[in-house]
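I have placed the structure first, in the form of structure tokens, so that the comments after it can refer back to it.
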Amino acid sequence: MRYFVIAGEPSGDLHAGHLMDAIRQEDVQAEIRYWYRPDLAYMGFVSVAMHLGAILRGMKECRQAIADFRPDRLVLVDYPGFNLDMAAWFRGHVAAQETAVDSGARTPKVVYYIPPKVWAWKEGRVSRMKRCVDSVLCILPFEVEWYARRHGYQVDYVGNPTLDEVAAFRQTLTREEEEQWRRSLLLDDAPVLALMPGSRRQEIERNLPLMLHAAAEVGGDVQLVIASAPGMSGHFYDGVMAHALEGKDYEAFRRKIVLAPCQGSRSSFLLLHCARAALVTSGTATLETAIMGVPQVVCYAMRCGRMVSWLRRLVLKVPYVSLVNLIAGHEVVPELVAGDLTPARLRHELRGILLDDVCRARQKEGYARMMSMLGEPGAPRRAAALVTGRI
């Protein structure tokens, strides 16, 4: 069969890669076309409006590529704004045309792997998914019950691919690789604090200064390693740090800060493997940090923080923003978001995960319970079996 796979962000690219490998194992005659355009992954009304021309051109190119390839399966990986539009177009044009031509013998299908987080916001997307998507493959265990209870919609939980990615990292990690990584960053034997301020420019500009100030206030014999994001230069991070640390004598503190080059998920896993604690911007990184067993504080700074915190209670339908807490169903890791992210609170929580053994042990116990809910590794393989129709 022919499979057309679409992803639009680095995390989706990683998951899509593993899924395509698994599809090839399930279907040795598979023909796969992959569409990955991270340059079109804009968030927020203003950003989308500013780049609307590029987005529309990208959608036109993608539609043409699908029409030329004539896939049996359109496989969507996360990236909801773009992918739902592609699903609707595919259902209304390509799939209908193929069915008409082949008199029902060939019925192309749409499979959504890692669907939109409609349980948090934009719940109206579910009706669109029902019309345009044949099969939904979830990676969060609570989603099956949520879709069934709220919308009478049957979806499948295939496991969480982050479990597979961490397991593969641990199986292949060698002592030599770890030592080489530490040498490349000029790290000594002092504890490492991982700073993971996000993957987008605005996220980094807002989160990194607060993380740095909290670490400077807490002090101690700790090395700070910043996880750099794809496409972000060292000059960009230098500028953010220079602006954040100006006006005070931070020279000695500045020497403790290291920027780790971005080399895919492996560089993030190496950082977490060596870290004693982490400050993490909400996203997939919070789950990766938990599975790696590193105590963390979730940080997400936003403009007009107090107003956003008030609006959040009206807009969001879930009590948490981090995947760790959402899966567990209770607070395992502290979340400091918008107006709750103050210097004093961040310093307090950072001291806990760095210096308080009771706090660290409590988080790790919560991680263990959460991982029992995720189940066993094997998400790409189970998803591929459903995509190919083997089960």
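Structure notes:
- Residue pairs meeting the criteria (Cβ under 7 Å; at least 6 apart or on separate chains; first more than 19 Å from Leu271 (Cβ to Cβ), in segment 152-176; second surrounded by 10 or more Cβ atoms within 10 Å (Cβ to Cβ) and of a type in the set (Ser, Thr, Tyr)): Tyr153/Tyr147; Val155/Tyr147
- Only one of Gly378, Gly339, Gly389 that is out of contact with any strand residue (DSSP E or B) (no Cβ under 9 Å at 6 or more places or on another chain), at pLDDT below 95 and not basic (Lys, Arg): Gly339
- Residue match in segment 224-245 (condition: within 19 Å of the chain's Cα centre (by Cα) and surrounded by fewer than 12 Cβ atoms within 10 Å (Cβ to Cβ)): no
- With respect to the conditions (1) surrounded by 20 or more Cβ atoms within 10 Å (Cβ to Cβ); (2) β-branched (Val, Ile, Thr); (3) at pLDDT below 95; (4) closer than 19 Å to His348 by Cα, Thr284 falls short on a single one, namely (4).
- Long-range neighbours under 7 Å by Cβ, at least six apart or interchain, first residue of a type in the set (Asp, Glu) within segment 119-135, second not in a loop (DSSP other than H, G, I, E, B): Asp134/Lys109; Asp134/Val110; Asp134/Val111
- Just one residue in the set Val258, Val294 is under 28 Å from Val358 (Cβ atoms) and modelled with pLDDT of 90 or more; that residue is Val294.
- Single residue of Ala344, Ala384 found to be hydrophobic (A, V, I, L, M, F, W, C) and either buried (at least 20 other Cβ atoms within 10 Å of the Cβ) or closer than 14 Å to Leu287 by Cα (or both): Ala384
- Condition met for Val136 (touching a helix residue (DSSP H, G or I) at 6+ places or on another chain (Cβ under 9 Å), crowded, with 19+ Cβ neighbours inside 10 Å and either small (Gly, Ala, Ser) or within 22 Å of Leu14 (Cβ to Cβ) (or both)): yes
- When we screen Gly12, Gly53, Gly44 for residues that are surrounded by 13 or more Cβ atoms within 10 Å (Cβ to Cβ) and either at pLDDT below 95 or charged (D, E, K, R) (or both), the only hit is Gly12.
- Within segment 2-37, tally of residues that are farther than 19 Å from Phe82 by Cβ and touching a residue at least 60 places away in the same chain (Cβ under 8 Å): 9
- Consider segment 110-144 and keep the residues that are in a helix (DSSP H, G or I) and closer than 21 Å to Thr162 by Cα. The one that is farthest from the chain's Cα centre (by Cα) is Val144.
- All of (1) surrounded by fewer than 18 Cβ atoms within 10 Å (Cβ to Cβ); (2) under 16 Å from Leu224 (Cβ atoms); (3) in contact (Cβ under 8 Å) with a residue 40 or more places away in the chain hold for Cys274 with one exception: (1).
The values are calculated or read from the model by the stated rules, or taken from the named source; none is laboratory data. If you're wondering where the values come from, they're calculated on a predicted model, not measured in any experiment. No Cβ is skipped: glycine too gets one built from the backbone with ideal geometry, and neighbour counts run over all protein chains shown.
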